[in-house]
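Quick one: this structure, given as structure tokens, is what I'll be asking you about.
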Amino acid sequence: MPRTTKVDCPGCPPLRALTFDVLGLIKVIEARGKEGEIPKVVERWGEPDFSKSVLAASLVDRKFDPLLAVARKNGLIEVLNPLNGNLHVAISDNTDTSPPPKDEAIVGMHLLSKDESELASRRCTLLSCTTKGNASMRTIEFSSSSSEDTSTNLAQTWKICSSGDVMCSKVDGSETHALFGGKGVEVNMWNLEQCTKIWTAKAPKKNSHGIFTPTWFTSATFLSKDDHRKFAAGTNSHQVRLYDISARKRPVISFDFRETPIKALAEDVDGNTIFVGNASGDLASFDIRNGKLLGCFLGKCSGSIRSIARHPEFPVIASCGLDSYVRFWDIKTRQLLSAVFLKQHLTGVVFDSHFVEEDVTHSAVEIQQETEVTQTVNEEEHVPQKRKKAFKEDGEGGKRKGSKTIDKENKKSRRKSHREIESKQRLRHFSTSDLQSRNDSIGSSSSTYYFRAPM
């Protein structure tokens, strides 16, 4: 059997995360209350069905009217309420009920956030891309009162590539640019407002041995929400590449990580650090400015990592994958905070950042009330059971003995018990001395006297 190392898990800060798996289930993980609590599964949405496996997910993380979009294996795209799991709208491009072919599965999806002034009518813009490079952007309008009153407008469609398979996509923070890459598809960037390609990378040169590495991108992420020009991409040849479209078309920095394909990338809020997860369960952080390994996270996963999410406020990241665990890590110490077993292979994880602002105050009040009740019970348990005189209360005008009187009575009782103990000890000493003198007086007598001192 392989050797394992037990890692202490100190627990997580108050947080809320949503996970997605191969059976189409959406599970809500929450850690409530004070710092150091163990997260638990509080809700589960959907029924197990392999044909509804979640391939991609996107969350509009806003305080009011948040939205969650999931792309399923059967070609269905659902827009849900991430607070209670209610379905807003479900759309599909399939004319029949049969699932789409494998080469037309949705591999990338992003729900663009739009600020709407009207509360009765809601609108969202959805960007999706299939394996064969068919990208589409559509506007979905639905009523808040009924899920049947919906309308879908297919705004734009375009082709990402003429050959190869798209395997990853990412949208920047301003939601104006998107990048795509895959097997046989060089990473390229598109302007979403005009639906035009603005940049395409060039393949790296041959190495010193004359070996050319074929193009195979598996993941990508932008380094900053404010700058779409710099991004990092992971390859199937266990390599991480940094691109700057304002500098050149080939990678600015390239470095290797372990010996298995890179499966997940996530950026830190500082814009200089990225988190890398591979197919063998290794998770590490790198300084993307020089490609230096900052350190590996303690507690190796036992399966391929498929998704990494960074909490926008706490220094915490979440990772999940094929070992059916969602794990929460401390970014500063790279220590495992907690791990939750979810039974199915996981495909994605996202954070709900506004959960802290809404629920922690309520939890803190509950904790304070519980603390006050506990202190009251402890005080009642430590009250002396025997008193000379009980407290007397005569209605509103009655008088109650003060704390000084209680202290005097306690001192008197302690003195009395001390005097009783001393008297018993003197009696025992006297009895023992008396026994010794009697034995001496008997001398050579053969009789034996047994005497038990009083206790």
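The values are calculated or read from the model by the stated rules, or taken from the named source; none is laboratory data. Predicted, not measured: the structure shown is a model, and the values here were computed from it. Neighbour counts run over all protein chains shown; Cβ positions are idealised from the backbone, glycine included. Side chains included, ligands, DNA and RNA excluded: accessible areas come from the protein's heavy atoms. Shrake-Rupley method; radii C 1.70, N 1.55, O 1.52, S 1.80 Å.
Picking from Leu87, Leu179, Leu126, which residue would you name as being at pLDDT 70 or above, in contact with a strand residue (DSSP E or B) (Cβ under 7 Å, 6 or more places away or on another chain) and surrounded by fewer than 16 Cβ atoms within 10 Å (Cβ to Cβ)? Spell out how you get there, then give the answer.
Numbers: Leu179 fails: surrounded by fewer than 16 Cβ atoms within 10 Å (Cβ to Cβ); Leu126 fails: surrounded by fewer than 16 Cβ atoms within 10 Å (Cβ to Cβ).
Sole residue among the options that is at pLDDT 70 or above, in contact with a strand residue (DSSP E or B) (Cβ under 7 Å, 6 or more places away or on another chain) and surrounded by fewer than 16 Cβ atoms within 10 Å (Cβ to Cβ): Leu87.
So, Ser254, is that one outside any loop (DSSP other than H, G, I, E, B) and open to solvent by 50 Å² or more (accessible area, probe 1.4 Å) or not?
Values: outside any loop (DSSP other than H, G, I, E, B): yes; open to solvent by 50 Å² or more (accessible area, probe 1.4 Å): yes.
Yes: the conditions hold for Ser254.
Can you tell me which residue within region 14-29, out of those that are under 15 Å from Leu337 (Cβ atoms) and of a type outside the set (Gly, Ala, Ser), is surrounded by the fewest Cβ atoms within 10 Å (Cβ to Cβ)?
Initially, region 14-29 is screened for residues under 15 Å from Leu337 (Cβ atoms), giving 14-17, 29.
Filter again for of a type outside the set (Gly, Ala, Ser), leaving 14-16, 29.
On the way: Pro14: 19, Leu15: 24, Arg16: 23, Ile29: 24.
Filtering region 14-29 for residues that are under 15 Å from Leu337 (Cβ atoms) and of a type outside the set (Gly, Ala, Ser), the one surrounded by the fewest Cβ atoms within 10 Å (Cβ to Cβ) comes out as Pro14.
Would you be able to say whether some residue in region 30-39 is assigned to a strand (DSSP E or B), charged (D, E, K, R) and either surrounded by fewer than 21 Cβ atoms within 10 Å (Cβ to Cβ) or under 20 Å from the mean Cα position of the chain (by Cα) (or both)? Before you say what the answer is, go through the steps one by one.
Pass one, region 30-39, residues assigned to a strand (DSSP E or B): 30-31, 37.
From what's left, charged (D, E, K, R): 30, 37.
Then drop every residue that is not either surrounded by fewer than 21 Cβ atoms within 10 Å (Cβ to Cβ) or under 20 Å from the mean Cα position of the chain (by Cα) (or both), which leaves 30, 37.
Among the residues of region 30-39, at least one is assigned to a strand (DSSP E or B), charged (D, E, K, R) and either surrounded by fewer than 21 Cβ atoms within 10 Å (Cβ to Cβ) or under 20 Å from the mean Cα position of the chain (by Cα) (or both), which makes the answer yes.
Ok, one more. Just give me the residues in region 129-154 being touching a strand residue (DSSP E or B) at 6+ places or on another chain (Cβ under 8 Å) and either β-branched (Val, Ile, Thr) or at pLDDT below 70 (or both), in sequence order. Even if it seems obvious, please write down each step before you answer.
Step one: of region 129-154, the residues touching a strand residue (DSSP E or B) at 6+ places or on another chain (Cβ under 8 Å) are 129-144, 147, 149-154.
Residues satisfying the conditions are Thr130, Thr131, Thr139, Ile140, Ser143, Ser144, Ser147, Asp149, Thr150, Ser151, Thr152, Leu154.
Could you please find all residues in region 324-336 being closer than 12 Å to Ala266 by Cβ and open to solvent by less than 20 Å² (accessible area, probe 1.4 Å)? Don't jump to the end; show me each part of the working.
Of all residues in region 324-336, those closer than 12 Å to Ala266 by Cβ come to 329, 331.
Scanning region 324-336 gives a single hit, Trp329.
Right, something else. Restricting attention to region 285-334, and to residues there that are among the aliphatic types (A, V, I, L, M) and part of a loop (DSSP other than H, G, I, E, B), which single residue is nearest to Val349 (Cα to Cα)?
Filtering region 285-334 for residues that are among the aliphatic types (A, V, I, L, M) and part of a loop (DSSP other than H, G, I, E, B), the one nearest to Val349 (Cα to Cα) comes out as Leu322.
I'd like to know if region 35-43 contains one or more residues that are under 30 Å from Thr130 (Cβ atoms), at pLDDT 95 or above and among the charged types (D, E, K, R). If you could, list the steps in order and put the result at the bottom.
Keep residues of region 35-43 that are under 30 Å from Thr130 (Cβ atoms), which gives none.
Among the residues of region 35-43, not one is under 30 Å from Thr130 (Cβ atoms), at pLDDT 95 or above and among the charged types (D, E, K, R), which makes the answer no.
Only one of Gly299, Gly303, Gly321 is crowded, with 18+ Cβ neighbours inside 10 Å, modelled with pLDDT under 95 and more than 10 Å from the chain's Cα centre (by Cα); which? Please lay out each step first, then the result.
Details: Gly303 fails: crowded, with 18+ Cβ neighbours inside 10 Å; Gly321 fails: modelled with pLDDT under 95.
Result: Gly299 is the single residue among Gly299, Gly303, Gly321 that is crowded, with 18+ Cβ neighbours inside 10 Å, modelled with pLDDT under 95 and more than 10 Å from the chain's Cα centre (by Cα).
Kindly establish whether Leu55 is in a loop (DSSP other than H, G, I, E, B), aliphatic (A, V, I, L, M), open to solvent by 30 Å² or more (accessible area, probe 1.4 Å) and out of contact with any helix residue (DSSP H, G or I) (no Cβ under 6 Å at 6 or more places or on another chain).
Here the answer is no, as Leu55 does not meet what is asked.
Considering only residues that are among the polar types (S, T, N, Q) and closer than 24 Å to Ser319 by Cβ, which ones fall in region 39-92?
Ser53, Ser58
Related question: Select from region 1-29 the residues that are modelled with pLDDT under 90, over 14 Å from the mean Cα position of the chain (by Cα) and not acidic (Asp, Glu) and list them in ascending order. Working first, answer last.
First pass over region 1-29, keeping only residues modelled with pLDDT under 90: 1-11.
Checking which are over 14 Å from the mean Cα position of the chain (by Cα) leaves us with 1-8.
Passing the criteria: Met1, Pro2, Arg3, Thr4, Thr5, Lys6, Val7.
Now, a different point. Would you pick out the residues in region 252-280 that are of a type in the set (A, V, I, L, M) and touching a residue at least 40 places away in the same chain (Cβ under 8 Å)?
First, the residues of region 252-280 that are of a type in the set (A, V, I, L, M): 252-253, 262, 264-266, 269, 274, 276, 279.
Scanning region 252-280 gives Ile262, Ala264, Leu265, Ala266, Val269, Ile274, Val276.
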